[in-house]
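Participant: Let me give you the structure first, and then I'll get to my questions.
The numbers here are math on the coordinates, done by the rules we state, and not lab data. No experiment lies behind these values; they were computed from the predicted model shown.
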Amino acid sequence: MTVFESSKGDVAKEALRFFNLVVSDFNITLLIMILPPGPAFNYLENARNRFDDGPFLLGQFSSVDIAYIPFVERFQIFLTDVFKYDITVGKPKFAAWIE
């Protein structure tokens, strides 16, 4: 299955359009050192809640996961080490996706 089949295609396109905002939100958070980060992590948790056919953002592994995970993993390490902030608290599906 490709990511652009059925409603998953629409969600994939939306998530990839939102990608720049997510990265900008992370960068602004780090720049001004205000925690918790803005709506970016909540967006990813909500995206994970849309499909239940697998552990990835669209249920099954897709280009959306490939785009997001390198940044999310880096920010998770940084926020945990520097600020002792766990980005997965209160976001169980987001936490499962990271693992």
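Participant: For SER7 and ASP53, compute 0.36 nm times the residue count separating them, minus their Cα-Cα distance, and round to one decimal in nm.
Facilitator: Length gained, SER7 through ASP53: 15.2 nm.
Participant: Work out how much length GLN60 to ALA95 would gain on full extension: take 0.36 nm times their residue separation and subtract the Cα-Cα distance, in nm to one decimal.
Facilitator: 11.0 nm
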